[in-house]
Amino acid sequence: MHKIKYRFRDPGLRPRRTKLDVPGWGGEPEPRKSGSREQPWHCIPFAEGAQYGIELFYPFEQELRVSTREGRLVIEGQSGPDPETGAFSPPFRNFGDQFYTYQILLDLKVEDGFAIRTEPHPRFYTDTTDTVPIAVPALLRGWWPMMFFMVFKAPSEGRTHIFRSGEPFAQIIVIPEEPDFQLVEMSEEEAAERELQARRIYKARSTLSAASQWTSATNTVFDGTYRQIHRAAIAKNRQK
């Protein structure tokens with residue numbers, strides 16, 4: 001079990017393991033049965049990927065809106081700069097009109113050999129309003145003691161990003177500090193093994209999915225093959 005230690009200025013950031021909100025950005029609690037509308041949480045790879053990191057919540061009471069109008073970035077909802085420190089509240093700034101920054105002042109201490117990477121909160125991918133902030137990926141290594149600011153991509157012309165109190169606005173994942181891998185082509189033996197594995201799954205699909213097949217409201221056929229293999233793999237790993 002790896003530990004990530006944190007310190008921050010604004011308690012409202014509430015860093016925590018990302019949770020899939022259903023109902024919410026993870027979809028509606030529609031069952032996996034014929035006639036249901038497909039929901040993001042129905043997809044196991046997405047659900048696992050969405051909950052892999054640490055989510056951050058907007059810590060300020062006043063709503064903040066960031067828009068692009070006639071090619072210029074407009075930030076609405078700030079109370080203005082502090083006369084003594086010059087810091088804005090909330091602390092957002094224009095960054096060349098194509099981006100904007102948030103002075104977050106968050107410290108996440110990871111173990112040796114790891115780094116943190118910022119990325120959009122997974123609700124960005126399920127949003128249909130184009131209002132969810134888009135955090136720009138950035139890698140911070142373990143020796144850097146404070147995340148002073150985060151960068152966000154500016155909304156498209158006529159669009160608005162909205163930061164609301166208590167809503168998650170970004171996700172952080174912990175990854176190896178160095179991308180210590182290389183791409184190599186499979187050997188014939190490895191390729192044959194993987195192909196055999198794929199064919200076995202395909203052949204067994206009718207059996208594995210016999211009790212879990214359903215057709216969505218958009219006439220797409222789903223089944224529980226992946227879910228069943230996923231559960232079996234988890235059980236096997238726990239026995240090791």
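For the stretch 160-172: of the residues being among the polar types (S, T, N, Q) and at pLDDT 95 or above, which is farthest from the chain's Cα centre (by Cα)? Before the answer, list the steps.
First pass over the stretch 160-172, keeping only residues among the polar types (S, T, N, Q): 160, 165, 171.
Next cut, at pLDDT 95 or above only: 160, 171.
Numbers: T160: 20, Q171: 5 Å.
Among those that are among the polar types (S, T, N, Q) and at pLDDT 95 or above, it is T160.
Could you check the stretch 103-165 for strands (runs of 3 or more DSSP E) lying wholly inside it with 3 or more residues that are open to solvent by less than 70 Å² (accessible area, probe 1.4 Å)? First the steps, then the outcome.
Details: elements: 106-109, 114-119, 138-141, 150-153, 160-163.
By residue number, 106-109, 114-119, 150-153, 160-163.
Among the residues of the stretch 109-116, is there at least one that is on the phi > 0 side of the Ramachandran plot and in contact (Cβ under 8 Å) with a residue 12 or more places away in the chain? Walk me through how you get there before you give the answer.
Going through the stretch 109-116, the residues on the phi > 0 side of the Ramachandran plot turn out to be 113.
Okay, now just the ones that are also in contact (Cβ under 8 Å) with a residue 12 or more places away in the chain, so 113.
Yes, some residue in the stretch 109-116 is on the phi > 0 side of the Ramachandran plot and in contact (Cβ under 8 Å) with a residue 12 or more places away in the chain.
Taking the residues in the stretch 173-194 that are surrounded by 11 or more Cβ atoms within 10 Å (Cβ to Cβ) and under 29 Å from the mean Cα position of the chain (by Cα) as candidates, determine which candidate is farthest from A50 (Cα to Cα).
In this case the residue turns out to be E177.
The values are calculated or read from the model by the stated rules, or taken from the named source; none is laboratory data. The shown structure was predicted, so the numbers you read here are calculated from the model rather than taken from an experiment. As a convention, Cβ positions derive from the backbone with ideal geometry for all residues, glycine included, and neighbour counts pool all protein chains shown. When the accessible area is computed, the model is the full protein with side chains, heavy atoms only, and any ligands, DNA or RNA have been set aside. Shrake-Rupley method; radii C 1.70, N 1.55, O 1.52, S 1.80 Å.
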